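Okay, structure first, notes after.
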Amino acid sequence: MPLLSTLIVMEAARVKPTDIASPEYFHKVVDCQWACPAHTPVPEYIRMIAAGRYADAYMVNWHSNVFPGILGRTCDRPCEPACRRGRVEEEPVAICRLKRVAADNKGDVSGRMPVIPEARNGRRIACVGAGPASLTVARDLAPLGYEIHIFDGEAKAGGFIRQQIPRFRLPEEVIDEECGYILDRGGVVSHMNRRVDSLKALLAEGYDAVFVGSGAPRGRELDVPGRKEAAANIHLGIDWLASVSFGHVSSVGRRVIVLGGGNTAMDCCRSARRLGGEEVKVVVRSGFEEMKASPWEKEDAMNEGIPILNFLVPKQVLHDNGRLTGMVFEKVAAQYDDKGRRSLLPTGEPDVTIDCDTVLVAIGQENAFPWIERDAGVEFDRWGLPKLDEASLQSTHPQVFFGGDAAFGPKNIIWAVAHGHQAAVSIDLLCKGEDVTRRPPPETHLASQKMGIHEWAYDNEVSLDLRFKVPHLPADKALRDIAAEVELGFDREMAYHETQRCLNCDVQTVFTAKLCIECDACVDICPTDCITFTENGEEEELRTRLKAPAVNTYQDLYVQDGLKTGRVMVKDEDVCLHCGMCAERCPTGAWDMQKFLLETAKPKAHACHSR
């Protein structure tokens, strides 16, 4: 190979310096915020809680995730598995439950909500369904002068938040309060008890855009012999939970089987215990670890005396002239092929019979759009889901957008909120006549935390405390009252101690090569050996030469060149504790601790003008 070609290849193989001006770089380092679908700035609000600034912490949350009090009790917590604390200890920071602390202690924040202008901008938006996705769209667009019309077949807003989450997990007053911040301040017209029967008719009313946030309202059916004959005592889980929430159901059989391994199944079995079920069992076709229910939901169910029986597939419903008496299950085992694909195969063991008086079916949910005419311009795929642009959430009808469970199938509240934000941006762009697929960039800010030579504007002491447990109502009281909230939440003192477990991963180590004298003081003092000064090279090989080899290739390396020796500084972001010891030790100030804040793009106040 000619020398010039060799040099070009070698240069291409070298790791390029990190562009810290890119919004994605430090965002990805703040693992909790990166993992949150709504990208809530978690360390920022945790520091506010530590300082007793509960209202400020609440508003930081409200700006991103819209429902801090609701999510502080019910979120699926995608942020917590990503938490950096979980890399050095068994359990992450209790991010979700700290969110509740802000909500419970915030006081009156009504005066801090954005002003809804009296003069409208002439644009009318229809939201089908009053769940979290539609409410987020309304929250984002109403302050910009849009007139939002929300339609729902129920008497109160909230969607599956109100219908399917039991009151012992989420008190109704919390739902009322946080829905009220959106619906009761102007700009939003509620059409409750009004079910939309035709998309074409809705579009004919002259709305500039329609957002579909109608959820996945249909429970998946059980198709086994005996199901129809014993139908009187077999209920779809989501419908049964709604009946319980609205007071239509107040009792259940003594012996209850709950079919399914998701969070809905956990809510069903725990509700059944409180309504008189003495022998409540959860039966799942998969293994325990493969269940879709959150680990803490499974733990709570088992702590209330509810066994979870795995690897049992429904085979038959037993009945006596229509009176349910039990169910028969086939025993299966998981087997994997050479590509890692799982199959559940019969073990050949005798069937298992379980006596019961009630069966609750929570084996999945499906989308249902009978009100969307197939000639309305919205195309669906073979699974019955709308064909969408994943970024803009725009359907094949340019004025119709989807979000939440209605978009891609059942997920959770925080995903619905994220969809609502994205759809609001898209609707705003549509109304301005701009390309909805061109997503505006997020806003970012880096600010030094230096106050003195060894003083910082944040607490950088690394606590070794284990995760604090949230107090619970005693089981004898909890199981007597279906409306009694089980989790009592952290008090202020316990919350403070839990905040100290946060490693401030949004306070970044920023390196300025021209100030570095390559004394290696930062290398010597780093407690995790995450800093290395070395020759550049191909990334895969470079990772092996670091002081502590960087094995997590998902996490980018922080690389800076420009050193006098020609070497590069390489920091493994994966194991950095953001303790600031490198910056404290550096004699030239080449290292600085800078707080990174990212705010995801939202519609701006200059959105539309009156037509």
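The values are calculated or read from the model by the stated rules, or taken from the named source; none is laboratory data. Just so it is clear, the model here is predicted, and its values are computed rather than measured. We place every Cβ from the backbone using ideal geometry, glycine too, and count neighbours over all the protein chains shown. Ligands, DNA and RNA are excluded from the accessible area calculation, which covers all protein heavy atoms including side chains. Shrake-Rupley method; radii C 1.70, N 1.55, O 1.52, S 1.80 Å.
Points to keep in mind about this one:
- Hits in the stretch 427-481 - residues which are assigned to a loop (DSSP other than H, G, I, E, B), farther than 30 Å from Arg123 by Cβ and of a type in the set (A, V, I, L, M): Met451, Ile453, Ala457, Val462, Leu464, Leu466, Val470, Leu473, Leu479
- Scope the stretch 389-409; condition assigned to a loop (DSSP other than H, G, I, E, B), touching a helix residue (DSSP H, G or I) at 6+ places or on another chain (Cβ under 9 Å) and surrounded by fewer than 22 Cβ atoms within 10 Å (Cβ to Cβ); matching residues: Asp389, Glu390, Ala391, Ser392, His397, Pro398, Gln399
- Residue check: Glu443 meets all listed conditions (1) open to solvent by 60 Å² or more (accessible area, probe 1.4 Å); (2) in contact with an Asp or Glu (Cβ under 9 Å, 6 or more places away or on another chain); (3) farther than 27 Å from Ala103 by Cα but one, namely (3).
- Unmet requirement for Val551, which otherwise passes all of (1) of a type in the set (A, V, I, L, M, F, W, C); (2) part of a loop (DSSP other than H, G, I, E, B); (3) in contact (Cβ under 8 Å) with a residue 24 or more places away in the chain: (3)
- Residue under evaluation Arg185, criteria (1) farther than 24 Å from Ala265 by Cα; (2) in contact (Cβ under 8 Å) with a residue 24 or more places away in the chain; (3) open to solvent by less than 30 Å² (accessible area, probe 1.4 Å), criterion not met: (3)
- Residues of the stretch 66-119 satisfying the condition of being open to solvent by less than 50 Å² (accessible area, probe 1.4 Å) and among the basic types (Lys, Arg): Arg73, Arg77, Arg84, Arg85, Arg97, Lys99, Arg100, Lys106
- In the stretch 144-173, the residues that are touching a residue at least 24 places away in the same chain (Cβ under 8 Å) and open to solvent by 30 Å² or more (accessible area, probe 1.4 Å) form Cβ pairs under 7 Å with partners that are in a strand (DSSP E or B) and not charged (D, E, K, R), at six or more places apart or across chains, as follows: Glu147/Val189; Glu154/Met192; Ala155/Met192; Lys156/Met192.
- For the stretch 197-238, a residue qualifies if it is in contact with a Ser or Thr (Cβ under 9 Å, 6 or more places away or on another chain) and aromatic (Phe, Trp, Tyr), and exactly one does: Phe211.
- Filter result (over 23 Å from His27 (Cα atoms) and either part of a helix (DSSP H, G or I) or more than 36 Å from the chain's Cα centre (by Cα) (or both)) within the stretch 506-527: Lys514, Leu515, Cys516, Ile517, Glu518, Cys519, Asp520, Ala521, Cys522, Val523, Asp524, Ile525
- Residue, most open to solvent (accessible area, probe 1.4 Å), within the stretch 460-481, restricted to residues that are under 15 Å from Val93 (Cβ atoms) and touching a Phe, Trp or Tyr at 6+ places or on another chain (Cβ under 9 Å): Phe468
- Whether a residue is surrounded by fewer than 20 Cβ atoms within 10 Å (Cβ to Cβ) and assigned to a helix (DSSP H, G or I) was assessed, and Glu178 does not pass this test.
- Filtering Ala495, Ala484 for residues that are in a loop (DSSP other than H, G, I, E, B) and surrounded by 14 or more Cβ atoms within 10 Å (Cβ to Cβ) leaves a single hit, Ala484.
- Matching option when the condition is at positive phi, within 18 Å of the chain's Cα centre (by Cα) and modelled with pLDDT of 95 or more, among His63, His39: His39
- Residue match in the stretch 420-429 (condition: touching a strand residue (DSSP E or B) at 6+ places or on another chain (Cβ under 7 Å), open to solvent by 30 Å² or more (accessible area, probe 1.4 Å) and either aromatic (Phe, Trp, Tyr) or in contact (Cβ under 8 Å) with a residue 12 or more places away in the chain (or both)): no
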